[in-house]
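A.B. asks: Quick one: structure below, then a few questions.
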Amino acid sequence: EKKWKLTWTSLSLGCGIMSKVWPIAALPFFLQKIKSVKDKILFLFMSMIPVFVALLPLYLKNSEMVLKRFIKYQSQPGWWGVTGLGRILDVPVLKSFAAWYVAYGSIILLLALICLLFLTRRLAIVRVLLLVFLTVLFLLNGFGPQYLVLVLPFAIIMRSKWLLPFTILVSILFCFEYGLIPLPGHHGIPCDGQVVSNPLTFEQFMNSNRLT
């Protein structure tokens, strides 16, 4: 727990939170590994510095934009993850489950992270972060597959035997997700240029004909 390591780690995490809010899920797991209460407070404070420095001026200028595009940002239901099953597989039960997950998926993710916090207390932090990211990737509502690449640095550091199989699987998923099936356009803008509500409901997504 050298001070410079804590400082650089907290600032790096803060930069991650600044760019995409979901890396904040890793914060409790870092704090769990730090023994000193003083160092916990320092780590928490330092990790928030990049967030406030980058977002406070924008918030003061346009608070609605920051809330919508940063605090509450997520992909469309059905894009990826659990809700994506209802789009890829034409099974009524899965479609109903996906629609239910849109409403309650965030609660399930939170409960999963709390359980993970207790189950990973004795694991090395790099292994813990890998599990945290995988949990977020597959349980967060509407997560994009491009973020799977974030797993690779941790797998490389761990010299994981699953690195090659994971790389092959992700490559197949990329081809399937981006090349073999119709995908929605970005930010609720369909091909014909007509702006629709954002975020879409699951039913709106299923009935849309938007393509990338």
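A.B. asks: When the accessible area of region 3-65 is computed with all protein chains present and a 1.4 Å probe, what percentage of it is carbon and sulfur?
C.D. replies: On the way: 2930 of 3910 Å².
Roughly 75 percent, rounded to a whole number.
A.B. asks: Okay, next question. Take each of the peptides 34-40, 109-115, average the number of other beta-carbon atoms within 10 Å over its residues, and list them starting from the highest.
C.D. replies: Numbers: 34-40: 12.4, 109-115: 14.1.
Final packing ranking: 109-115, 34-40.
A.B. asks: Based on the Cβ-Cβ distance of LEU110 and LYS20, what FRET efficiency does E = 1/(1 + (r/R0)^6) give at R0 = 22 Å, to the nearest 0.05?
C.D. replies: Details: r = 17 Å, r/R0 = 0.79.
E(calc), rounded to 0.05, equals 0.80.
A.B. asks: For region 90-104, what does the Karplus curve 6.51 cos²θ - 1.76 cosθ + 1.60, with θ = phi - 60°, yield as ³J(HN,Hα) per residue in whole Hz, taken in order and with x for Gly and Pro?
C.D. replies: Going residue by residue, I get 7, 10, x, 4, 5, 5, 5, 5, 4, 5, 5, 5, 4, 7, 10 Hz, with x marking Gly and Pro.
A.B. asks: What is the gain in length, in nm to one decimal, between ALA103 and MET65 on full extension, counting 0.36 nm per residue of separation less the C-alpha to C-alpha distance?
C.D. replies: Working: separation 38, 0.36 × 38 = 13.68 nm, distance 2.29 nm.
My answer for the length gained is 11.4 nm.
A.B. asks: Taking 26 Å as the cut-off for C-alpha to C-alpha distance, list the pairs among LYS5/LYS35; LYS20/LYS61; LYS95/LYS161 that go past it. Working shown, then result.
C.D. replies: Working: LYS5/LYS35 14 Å; LYS20/LYS61 20 Å; LYS95/LYS161 35 Å.
Too far apart for the 26 Å limit: LYS95/LYS161.
A.B. asks: Going by average Cβ density within 10 Å per residue, which order do the peptides 90-97, 123-130 take, highest to lowest? It would help to have the intermediate numbers written out before the result.
C.D. replies: On the way: 90-97: 12.5, 123-130: 17.0.
So the peptides 90-97, 123-130, ranked by packing, come out 123-130, 90-97.
A.B. asks: Could you give me the ³J(HN,Hα) list for region 161-170, computed from phi with Karplus coefficients 6.51, -1.76, 1.60 and θ = phi - 60°, whole Hz, x at Gly and Pro?
C.D. replies: 5, 8, 4, 5, x, 5, 4, 5, 4, 5
The values are calculated or read from the model by the stated rules, or taken from the named source; none is laboratory data. Because the structure is a prediction, the values reported are computed rather than measured. Counting neighbours? That spans all protein chains shown, and the Cβs are built from the backbone with ideal geometry, glycine included. What goes into the accessible areas is simple: the full protein's heavy atoms, side chains included, and nothing from ligands, DNA or RNA. Shrake-Rupley method; radii C 1.70, N 1.55, O 1.52, S 1.80 Å.
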